[in-house]
Amino acid sequence: MTDTRKPKTFTGWHMAAILVAFFAVVMTVNFTMARFAMSTFGGKVVENSYVASQRYNEWLKRADAQARLGWDKSVTLDTDRHVVLTIRKDGRLLDGIQASATINHPVGRTAPVALRFEPATGGVLRSVEPLVLGRWRLDLIVRRGADEARYREDIQ
């Protein structure tokens with residue numbers, strides 16, 4: 001006894017269903033990924049790229065002057081989540097340091113908040129306000145007399 005089944009034919013409707021299903025999957029993935037991208041990135045690095053390009057050489061000079069200072073910075077969080085700042089030169093702590101900073105979310109989800117520092121034991125500076133849990137970008141300005149250095153740190 002032989003089983004002779006008639007093969008099913010592949011019609012235009014089958015091809016249309018395959019194409020519709022394929023493009024539905026592609027569009028679903030694309031829209032989902034675009035939604036994730038739009039919800040996590042603010043999309044702005046500088047306010048005005050033309051103005052930033054005009055100030056580029058000035059920024060390079062400032063970076064070169066900062067490198068000549070020879071300051072070695074250390075930014076950490078203590079157990080209470082206060083920012084602890086240590087500035088050294090040639091391995092020794094620098095005295096007379098003043099610091100100011102702003103913190104914000106790395107992709108601009110929160111408005112920048114000013115951070116104040118006060119002297120702590122051992123010649124370091126400690127922030128007055130603790131940081132809440134999360135990922136933060138610290139824009140730090142350190143001054144000693146007429147010398148100034150600017151740093152950007154990511155803190156978690």
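All of the numbers you see were taken from the coordinates with simple rules; none came from a lab. Just so you know, these numbers come straight off a predicted model, no measurement behind them. Backbone-built Cβ (ideal geometry, glycine too); neighbour counts: all protein chains shown.
Structural remarks
- Segment 1-61: chymotrypsin sites (Phe, Trp or Tyr not before Pro) in DSSP loop, at most 10 other beta carbons within 10 Å: 10
- Tensor-based shape of segment 62-137 (alpha-carbon gyration tensor, a/c under 1.5 rounded, otherwise prolate or oblate): oblate
- Pairs of lysine residues in the chain that meet both criteria, 8 or more places apart or on different chains and Cα atoms under 27 Å apart, total 4.
- Cα gyration tensor shape for segment 110-156, rounded if a/c is under 1.5, else prolate or oblate: oblate
- Cα-projected label distance for residue 36 with residue 148, points at 7 Å along beta-carbon direction, nm: 4.2
- Trypsin sites (Lys or Arg not before Pro) restricted to DSSP loop in segment 63-156 with at most 14 other C-beta within 10 Å: 81, 109, 135
- Among the listed values (i) 10, 39, 37, 13, 0; (ii) 9, 31, 33, 20, 5, 1; (iii) 8, 25, 23, 14, 8, 7, 6, 5, 3, 1, 0, the one computed from these coordinates for P(r) over Cα pairs in 10 Å bins from 0, in percent is (iii).
- Label-reachable residues, segment 124-156, where backbone N falls under 19 Å from a point 7 Å from residue 116's Cα toward its Cβ: 124-132, 139-143
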